[in-house]
1. So Leu112 passes all but one of these: (1) part of a strand (DSSP E or B); (2) closer than 21 Å to Ala64 by Cα; (3) not hydroxyl-bearing (Ser, Thr, Tyr). Which condition number does it fail?
2. Where the second residue is in a loop (DSSP other than H, G, I, E, B) and the first is without any contact (Cβ under 8 Å) to a residue 60 or more places away in the chain and lies in the stretch 622-640, which pairs have Cβ atoms under 8 Å and are six or more apart or on separate chains?
3. Is one or more of the residues making up the stretch 91-106 touching an Asp or Glu at 6+ places or on another chain (Cβ under 8 Å), at pLDDT 90 or above, assigned by TED's automatic domain parsing to the domain that holds Met221 and under 27 Å from Gly242 (Cβ atoms)?
4. Quickly run through the stretch 61-98 and pick out the residues that are among the hydrophobic types (A, V, I, L, M, F, W, C), farther than 30 Å from Lys209 by Cβ and touching a residue at least 24 places away in the same chain (Cβ under 8 Å).
5. Return yes or no: is Ser799 in the same structural domain as Gln628 (by TED's automatic domain parsing), among the hydroxyl-bearing types (Ser, Thr, Tyr) and at pLDDT below 75?
6. Inside the stretch 601-629, can you point out the residues that are aliphatic (A, V, I, L, M), closer than 15 Å to Ala666 by Cα and modelled with pLDDT of 80 or more?
7. If Val631 satisfies all but one of (1) under 15 Å from Leu855 (Cα atoms); (2) out of contact with any Gly (no Cβ under 8 Å at 6 or more places or on another chain), what's the number of the condition it fails?
8. Select from the stretch 690-716 the residues that are without any contact (Cβ under 8 Å) to a residue 40 or more places away in the chain and over 26 Å from Thr747 (Cα atoms) and list them in ascending order.
Amino acid sequence: MISTPTPGNFGRATGDARRLNIVGLLFVAMVVLTVSFVLFMALETARRIDAATAERTRAEITDAVADLTTAMGKKAEEYSLWNDAVDHLVVEFDKVWANANVGPYAERLWGLDRSYAWNGQDGLIYASKDGALREDIDAAAREAADLLAVLAAARSAGKPVSGIVHVGRTPFVFGARVIEYEYGHDPFPPNPAKPVQIFLTRLESELAKLAASRRIADLRMVPADGPVPPDIFSLSLQSIAGTPFGLLTWMPEQPGRTLVRETAPYAGGFVLALVALLFLFQRVLQRLKRQEPLRLSEARLAQAQRVAKLAYTVHLPEDRLEVSANFRELIGLPNGSVSAGSTSAGSEPLTVGLYLDRVMPDQRLEIQDTYRRARAENARFDIEYRVARPGGGYLDLQEVGEPFHDAAGHVLGLITAIQDITARRRAEETIRHQANYDALTGLPNRPLFYDRLRQALRRAARDRTPMALLFIDLNRFKWVNDTLGHQTGDVLLREAAQRMAACVRGSETIARIGGDEFTVILSEVGDRGEAEKVARRLLDSLGEPFHIAGQTLHISASIGVTFAPEQGTDPELLVKNADVAMYHAKRQGTANWTFYDPAMDADALSHLWMENDLHDAVAKGQLALFLQPVVEVGSGLLAGAQAEVRWNHPDRGQLPPTEFLHLAEANGLILQIGSWLLDAACRQLADWRGRGAAGLRLTVPVSALQLKHSGFDEQVAGCLARHGASPDRLILELPEATMLAPSAEMTRTMQTLRVLGVTFSISGFGTGYAALGHLRRLPVEFLKIDQAILRDVVRNPDSQETVHAIVALARSMNLTVIAEGVETGEQQALAGEVRCGFAQGGFLGLPVPAEAFDLTPATLAAESGGALSPAEDGRS
């Protein structure tokens, strides 16, 4: 590669023509050998680059297929290891529930193609395709016969199974699992042939996504025994039975071959130019007297660079380093650096040591050792490292090199080919980051959290120091999502994550492990007081208002704290303990935290039992309708009643709504309970009309979930018609939070019911979530002032003017004001002073069973015009 002619040799060659001819022939032979060696190195390097690229692509495809099947297994786990799935699919099939929660819903959510569920006798529970339950069960059963092997594997595995299977001639990726209760629930009655649920997505579509995301050309599935062209790579796939399923084939990238193909015209031109050059050299050689070896060497290296189209370096004796021009440009070497072809006198020679000064400090010794071993062992090397650029930033380089020798075989130095792999490294780092960090908040995700938790536990055990784990749940986040939309919810999560991250040291870990669930690992805590300080900082930070999309939002958090090794050393156990403590703090009120105590486990189990009992409360007739009087403030006459639902629990006795409605809101049972309450209220209105109290109106609370539920207006209209109740006697009461950002669908539903004659009321106004201006968007006629406002005015008379202003503004908007929570005569008098039209509360009458509600004053109220009405509220 490197010639070393001396001035003496060339001086003697000019002595006579014959010796000059011999020197010319030797020069020609030397140039030919040099070019051949460079071409060989270029082709061999290209071949090895192609081979390495092909193997990386094969590994990526193998990992991607494994990730795809694992993901399908996790989906099957999510929708099969589920108490509700057992209750609504196996115990008693609920078609509506199945369409909204399992197969069809999973297809719509994840883009799956079809799903099936079998009972213990291999009969189809349901079959779904393209996001909808199938009616052609017989046809579905015939096509599902190809899944019997999957069915058997799922039953015998005891965990999710996944893989690839044919349904007919179409290959699918499947995930399957036995349908059973979650851990901690009473097991399903034993049955050797267990119910199974299977989800499938087309392999062809998943391959298309994989090919597009990884830029893999011509990725397809072919039969296992089909011919594979020599330039096509393949990967064998196995069925669940272990038999050949088919081959994945693709056209691998060939950067080396592309490089050779693109440089071939230049090589041909170079050869032609070389022939011409040699011809001219023979003509002028006799007139030459002297030629400097350095000029010849640099010209040869410059030509080799044009042929190879790769950056290269040559390690010469005395630690000198020659580099190609494109390498100098690549890493930004100064103009004084020596490069191949340079003849500038006085230039500072580039050495290996000077170049290594540009390498990251932690990699220099490794690279030096690699160069030394390559020379000593006469061995090839392949290394990757990072160099700094003078203007800032860095490059990742891959250097492949081998020693070159003299005629006697002694190693003279090293010649290397260098490739810029910065883009590839950054892509790999991006993939690693996406695998370990939450895309929305940038915090560590669940897998990375558990990895760091295990490290913290090992460190705590080694250093004999305690550590703490905090489990954080954001309160009212679900409400933000439901009312303001997921985009606002995402912004809220990001800002909350930034606030929480600022509350802990940079060495600690804060992670997002669920929708609005976060964890903090405190590696070293001297005592419980340190964990308490962090919890207080978190609560204070999250308690500050958030200003998002023109809205001022108030949220809080509930925090549970557990310690290791005092309360366990298993990661899953610690997370469970902190989670249990968090729920205990949540039940004690918002913006609270508590330490884990083993006694909380029994409390959490009781809470779970109560939630399970609530599922049967409607079906077993354990709900009861209670009524509380609503009276006219001026006359004290009965104007109507406030409806509430109570639960006659078989073990705990009668429970008020505050004891269980929050559970119903969380698990969706509010729809069933709300439907029951609406039906009972319409039946009560019909009963009043039959008893001569048709003028009374009944207020029924409804949740935002009911209003957003499809067909709610039809449900109300049907209930009124079924019982023969008058729509204008029914008032639907909404929580104040619904005013902030009602959806278009919710507003349409309310407008439809208003046209029917139903009126609406807003409860708990004044708690700080909304302003009166929001009411202009909704067809609301009644406004209930929160009982806390009346209590505050009684304690602080100076705030009475504020209440007067609220009532006056409400009246100007044609809103009837109702004072709720009147517990004393002083509060009743205050309601009259601020000119509230109606009032309710313990002082005026406690809630009683509907059958015991006293209608004695009802006739007087109706006859005197005092019945609850927006037109008759004393606004004179």
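1. (1)
2. Matching pairs, first to second residue: Gln622/Pro650.
3. Scanning the stretch 91-106, I find no residue that is touching an Asp or Glu at 6+ places or on another chain (Cβ under 8 Å), at pLDDT 90 or above, assigned by TED's automatic domain parsing to the domain that holds Met221 and under 27 Å from Gly242 (Cβ atoms), so the answer is no.
4. Within the stretch 61-98, Val86, Val90, Phe93 qualify.
5. It is true that Ser799 is in the same structural domain as Gln628 (by TED's automatic domain parsing), among the hydroxyl-bearing types (Ser, Thr, Tyr) and at pLDDT below 75.
6. Leu614
7. With respect to (1) under 15 Å from Leu855 (Cα atoms); (2) out of contact with any Gly (no Cβ under 8 Å at 6 or more places or on another chain), Val631 is out only on (2).
8. Residue satisfying the conditions is Gly690 alone.
The values are calculated or read from the model by the stated rules, or taken from the named source; none is laboratory data. All values derive from a computational prediction rather than experimental measurement. Note: ideal-geometry Cβ built from the backbone for every residue, glycine included; neighbour counts use all protein chains shown.
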